[in-house]
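Before any comments, here is the structure.
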Amino acid sequence: MKKSDFITIAIVAAVVCGFAFIPGAWEWFNTTTANHGLLMSFFKFAILGTFGEMLALRIREGVYLKKGFGLLPKMLVWGVLGVVIASAMTIFKTGTVKLLDGGFHLNGKAAEWFAGDLSWGKAFVALCVSVLMNTLFAPVFMTFHKITDIHIAETGGTLKGFFGNPLKIRETLSKKINWDIQYGFVFAKTIPLFWYPAHTITFLLPPTLQVLFAAFLGVALGVILSIKK
């Protein structure tokens with residue numbers, strides 16, 4: 001292990017201990033999440049999503065940061081995507097329950113199961129939410145994230161480069177994304193094998209923990225993709 005590994009472990013341990021042992025820290029987190037959900041989603045994903053990419057870089061190349069990595073642009077992109085993800089989670093939770101109750105004539109059972117304690121009914125609704133969200137929303141989200149990653153890399157990893165150059169969406173989609181990997185692995189394998197079950201667990205958690213857990217899943221996936229590479 002390198003010195004940077006010990007520093008990283010120490011920082012993570014300090015944060016965990018802070019929430020575990022500082023009086024009122026966890027209550028503050030839950031209250032702030034409930035009152036300022038989208039703002040907290042921005043910071044959760046900005047920190048944890050970027051940390052996941054740093055871990056992935058450590059696995060691939062032995063360092064947490066390198067020239068051109070784009071720490072600040074990545075944090076900004078992850079933060080914005082965190083707001084989008086939190087919004088999508090709310091939309092799909094509400095919409096899926098309405099669909100099950102109305103379209104499949106469950107007559108309020110889906111809403112009752114989903115709002116109640118852990119049960120097979122609640123697990124079924126959570127699975128439906130996860131499948132719909134990851135099938136309809138995730139491919140668009142993942143593709144846009146890939147476009148921003150390429151843009152950050154091509155503009156030197158700086159905020160000036162990120163904002164000073166337009167996103168070449170059409171060119172990136174047609175020429176710069178490896179669709180054998182993007183579709184054949186990221187879509188076809190990680191969505192059904194990782195995201196379907198992972199987000200089913202997410203939607204079984206208390207609402208104040210769902211976005212945080214989703215952000216942690218981004219860290220886990222970053223490690224998985226690094227191993228794949």
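The values are calculated or read from the model by the stated rules, or taken from the named source; none is laboratory data. Note that the coordinates shown come from a computational prediction; the quantities given were computed from them, not determined experimentally. In this analysis, Cβ positions are derived from the backbone assuming ideal geometry, glycine residues included, and neighbour counts consider all displayed protein chains. When the accessible area is computed, the model is the full protein with side chains, heavy atoms only, and any ligands, DNA or RNA have been set aside. Shrake-Rupley method; radii C 1.70, N 1.55, O 1.52, S 1.80 Å.
Taken as a whole, the condition of being in contact (Cβ under 8 Å) with a residue 24 or more places away in the chain, under 19 Å from Val77 (Cβ atoms) and within 23 Å of the chain's Cα centre (by Cα) does not apply to Met133. Give the residue that is modelled with the lowest pLDDT, with candidates limited to residues of segment 179-229 that are assigned to a loop (DSSP other than H, G, I, E, B) and open to solvent by 40 Å² or more (accessible area, probe 1.4 Å). Step by step, filter segment 179-229, then rank; the result is Lys229.
The set of residues in segment 1-52 being over 14 Å from Gly79 (Cβ atoms) and among the small types (Gly, Ala, Ser) consists of Ser4, Ala10, Ala13, Ala14, Gly18, Ala20, Gly24, Ala25, Ala34.
Each row is one residue, and each column tells you yes or no for (1) without any contact (Cβ under 8 Å) to a residue 60 or more places away in the chain; (2) closer than 17 Å to Ala220 by Cβ.
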| site | (1), (2) |
| --- | --- |
| Ile7 | yes, no |
| Ala10 | yes, no |
| Gly18 | yes, no |
| His36 | yes, no |
| Glu53 | no, yes |
| Ala56 | no, yes |
| Leu65 | yes, no |
| Phe69 | no, no |
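Out of Lys98, Lys67, report the one residue that is exposed (fewer than 14 other Cβ atoms within 10 Å of the Cβ) and in a helix (DSSP H, G or I). So the residue among Lys98, Lys67 that is exposed (fewer than 14 other Cβ atoms within 10 Å of the Cβ) and in a helix (DSSP H, G or I) is Lys98. Screening segment 1-30 for residues that are open to solvent by 70 Å² or more (accessible area, probe 1.4 Å) and not in a helix (DSSP H, G or I) and picking the one that is farthest from His145 (Cα to Cα) gives Pro23.
Thr33 passes every criterion in (1) touching a Ser or Thr at 6+ places or on another chain (Cβ under 9 Å); (2) open to solvent by 20 Å² or more (accessible area, probe 1.4 Å) apart from (2). In the condition set (1) open to solvent by 50 Å² or more (accessible area, probe 1.4 Å); (2) without any contact (Cβ under 8 Å) to a residue 24 or more places away in the chain; (3) under 19 Å from Thr208 (Cβ atoms), Leu118 is compliant with all but (2). Among the conditions (1) crowded, with 19+ Cβ neighbours inside 10 Å; (2) out of contact with any helix residue (DSSP H, G or I) (no Cβ under 8 Å at 6 or more places or on another chain), Phe92 misses just one, which is (2).
Across segment 121-170, the qualifying residues are those that are open to solvent by 30 Å² or more (accessible area, probe 1.4 Å), not polar (S, T, N, Q) and not in a helix (DSSP H, G or I), and the one among them that is nearest to Gly218 (Cα to Cα) is Phe137.
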